[in-house]
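Asks: One structure follows; several queries about it will come next.
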Amino acid sequence: MKCLVTGGTGFIGSNLALELEKQGNEVTVVDNLLSGNKDNLIGFNGNFIEADVSGDNFKIDGAFDIIFHQAAITDPRYPNEEETYKKNVEGFKNIIDLAKKNNAKLIYASTAGLYGNGPTPMKEDQKKEIVSAYGKSKLEMDAMAEKLFDEMHIVGLRYFNVFGPKEMHKGRPASMIYHLGKQIKEGKKPRIFKFGEQKRDHIYVKDAVDATIKAIDAKSGIYNVGTGIATDFNDLIKILNEVFGTNLNPEYFDMTYDPKTYQNNTQADTTKAEQFLNFEAKWSLKEGIKDYMGELKWIQN
Ligand SMILES: NC(=O)c1ccc[n+]([C@@H]2O[C@H](COP(=O)([O-])OP(=O)(O)OC[C@H]3O[C@@H](n4cnc5c(N)ncnc54)[C@H](O)[C@@H]3O)[C@@H](O)[C@H]2O)c1
């Protein structure tokens with residue numbers, strides 16, 4: 001099949017583009033390199049187009065069967081809120097138009113950030129708590145998609161906390177697993193907010209890619225992409241120490257963010273994804289970390 005991956009030099013997008021190509025698809029990547037890194041596409045044989053999908057004159061030639069829309073300003077603390085909202089929403093509008101023109105299936109990235117500090121496990125239809133312009137943009141994208149469910153194949157994926165190879169370029173917004181793993185590898189005490197009891201539903205990028213590809217055959221809708229398991233940061237550090245054979249205790253420090261903008265706990269309710277996306281995460285946290293951290297390249301840079 002002919003696939004377009006927007007945001008394909010980014011973390012999830014590059015893993016996805018490479019996997020799609022491995023599965024025999026013809027893949028084109030479009031990215032404006034805002035936060036992505038072309039090195040993530042080493043070994044990729046498809047077409048790369050450098051372009052901003054949110055531009056007024058955005059146009060891309062070629063007939064696509066499936067469009068995977070990963071491109072976005074992904075840092076919830078990106079300093080320009082207006083730009084975050086506008087570019088993410090305008091980009092999605094352009095991609096919807098492109099999908100309609102091509103009669104293509106559209107699979108796009110939403111986020112578990114929309115649940116804010118709402119109750120866990122988080123269900124797709126629960127009340128949303130928007131804590132950033134990033135969240136606001138994704139909520140608007142979901143609202144746009146919902147209006148199109150009867151008209152076209154459109155699937156939104158609310159990824160939880162994704163970790164794995166090719167996330168290093170993200171810097172601060174990279175996963176806590178990346179940051180804590182790096183500190184431990186450097187022999188430093190892993191630093192976490194007091195007192196490490198905040199929880200995350202960490203999902204390995206290979207599972208996130210699997211869910212994204214499964215969306216090709218799902219019915220139009222919006223689905224959580226998580227494991228259903230929440231792990232607190234103290235336990236995460238224990239697992240990292242086990243994987244590295246180290247024994248470094250956490251160093252706690254005061255929360256530096258406005259608590260209103262910080263998600264204390266994330267945990268997916270996976271019922272809907274199991275039923276309609278046919279997706280269940282296969283990688284345990286420990287196995288995912290081993291697979292990831294075994295790939296030593298990530299730490300050398
Ligand atoms: N990583 C996670 O844990 C997570 C969680 C929830 C949702 N998401 C969503 O998944 C998608 C991928 O996230 P990621 O972690 O790979 O982030 P990323 O920052 O690594 O990737 C985003 C990519 O989009 C590109 N981009 C940004 N704006 C663009 C534009 N206007 N035109 C073209 N390209 C543009 C960037 O250069 C980058 O390569 C995003 O939509 C993000 O909101 C990710």
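Asks: What pairs can you find where one residue is in the stretch 183-195 and free of Cβ contacts under 8 Å to residues at least 12 places away in the same chain and farther than 26 Å from ASN265 by Cβ, the other is surrounded by 11 or more Cβ atoms within 10 Å (Cβ to Cβ) and of a type in the set (A, V, I, L, M, F, W, C), and their Cβ atoms are less than 9 Å apart, with a gap of 6+ or different chains?
Replies: Note: pairs meeting the criteria are GLU186/ILE299.
Asks: Something else: ILE130 fails exactly one of the following numbered conditions: (1) in a loop (DSSP other than H, G, I, E, B); (2) within 15 Å of the ligand (Cβ to nearest atom); (3) open to solvent by 60 Å² or more (accessible area, probe 1.4 Å); (4) more than 16 Å from ALA143 (Cα to Cα). What is the number of that condition?
Replies: Evaluating ILE130 over (1) in a loop (DSSP other than H, G, I, E, B); (2) within 15 Å of the ligand (Cβ to nearest atom); (3) open to solvent by 60 Å² or more (accessible area, probe 1.4 Å); (4) more than 16 Å from ALA143 (Cα to Cα) leaves (4) as the failure.
Asks: Continuing with the same structure: Identify, please: which residue in the stretch 127-162 is modelled with pLDDT of 95 or more and hydroxyl-bearing (Ser, Thr, Tyr) and is, among those, nearest to ASP207 (Cα to Cα)?
Replies: TYR159
Asks: For the stretch 260-285, which positions are in a helix (DSSP H, G or I) and within 19 Å of ASN234 (Cβ to Cβ)?
Replies: Just the residues of the stretch 260-285 that are in a helix (DSSP H, G or I), to begin with: 260-261, 271-277, 285.
Passing the criteria: only LEU285.
Asks: Can you list residue pairs whose Cβ atoms sit under 7 Å apart, with the first residue in the stretch 206-235 being part of a loop (DSSP other than H, G, I, E, B) and the second being surrounded by 21 or more Cβ atoms within 10 Å (Cβ to Cβ) and of a type in the set (Val, Ile, Thr)? Count only pairs 6 or more apart in sequence or on different chains.
Replies: Pairs that qualify, where the first residue is part of a loop (DSSP other than H, G, I, E, B) and the partner is surrounded by 21 or more Cβ atoms within 10 Å (Cβ to Cβ) and of a type in the set (Val, Ile, Thr), are ALA218/VAL155; SER220/ILE154; SER220/VAL155; GLY226/ILE203; GLY226/THR270; THR227/ILE203; GLY228/THR270; ALA230/THR266.
Asks: For the stretch 38-54, check the following and say yes or no: at least one residue is open to solvent by 20 Å² or more (accessible area, probe 1.4 Å), more than 12 Å from the ligand (Cβ to nearest atom), hydrophobic (A, V, I, L, M, F, W, C) and touching a residue at least 12 places away in the same chain (Cβ under 8 Å).
Replies: The answer is yes; a qualifying residue exists.
Asks: Follow-up. Filter the stretch 95-117 for residues that are part of a helix (DSSP H, G or I) and within 9 Å of the ligand (Cβ to nearest atom); which is surrounded by the fewest Cβ atoms within 10 Å (Cβ to Cβ)?
Replies: Taking the stretch 95-117 first, the residues part of a helix (DSSP H, G or I) are 95-102, 112-115.
Retained after the next criterion (residues that are within 9 Å of the ligand (Cβ to nearest atom)): 112-113.
Numbers: ALA112: 25, GLY113: 22.
The selected residue is GLY113.
Asks: Further question: Considering only the stretch 150-172, state which residues are surrounded by 15 or more Cβ atoms within 10 Å (Cβ to Cβ) and more than 14 Å from the ligand (Cβ to nearest atom).
Replies: Pass one, the stretch 150-172, residues surrounded by 15 or more Cβ atoms within 10 Å (Cβ to Cβ): 152-170.
Selection gives MET152, HIS153, ILE154.
Asks: Does at least one position in the stretch 193-207 carry a residue that is at pLDDT 95 or above, open to solvent by 10 Å² or more (accessible area, probe 1.4 Å) and of a type in the set (A, V, I, L, M, F, W, C)?
Replies: Scanning the stretch 193-207, I find at least one residue that is at pLDDT 95 or above, open to solvent by 10 Å² or more (accessible area, probe 1.4 Å) and of a type in the set (A, V, I, L, M, F, W, C), so the answer is yes.
Asks: Still on this structure, I have one more. State yes or no: is ASN80 surrounded by 15 or more Cβ atoms within 10 Å (Cβ to Cβ), modelled with pLDDT of 95 or more and out of contact with any strand residue (DSSP E or B) (no Cβ under 8 Å at 6 or more places or on another chain)?
Replies: Details: surrounded by 15 or more Cβ atoms within 10 Å (Cβ to Cβ): no; modelled with pLDDT of 95 or more: yes; out of contact with any strand residue (DSSP E or B) (no Cβ under 8 Å at 6 or more places or on another chain): yes.
Spelling it out, it is not the case that ASN80 is surrounded by 15 or more Cβ atoms within 10 Å (Cβ to Cβ), modelled with pLDDT of 95 or more and out of contact with any strand residue (DSSP E or B) (no Cβ under 8 Å at 6 or more places or on another chain).
Asks: If you go through the stretch 1-37, how many residues are more than 11 Å from the ligand (Cβ to nearest atom), without any contact (Cβ under 8 Å) to a residue 60 or more places away in the chain and in contact with a Ser or Thr (Cβ under 6 Å, 6 or more places away or on another chain)?
Replies: Of the stretch 1-37, the ones more than 11 Å from the ligand (Cβ to nearest atom) are 1-4, 18-28.
Cutting the leftovers down to without any contact (Cβ under 8 Å) to a residue 60 or more places away in the chain gives us 18, 21-22, 24-28.
Among the residues that remain, those that are also in contact with a Ser or Thr (Cβ under 6 Å, 6 or more places away or on another chain) are: none.
Residues that pass the stated criteria total 0.
Asks: Which one of ASN249, ASN241 is surrounded by fewer than 18 Cβ atoms within 10 Å (Cβ to Cβ), assigned to a helix (DSSP H, G or I) and not small (Gly, Ala, Ser)?
Replies: Every option except ASN241 fails the conditions.
The values are calculated or read from the model by the stated rules, or taken from the named source; none is laboratory data. Model, not experiment: these values are computed from the prediction. So basically every Cβ, Gly included, is an ideal-geometry build from the backbone, and we count neighbours across all protein chains shown. With ligands, DNA and RNA removed, areas are computed over all heavy atoms of the protein, side chains included. Shrake-Rupley method; radii C 1.70, N 1.55, O 1.52, S 1.80 Å.
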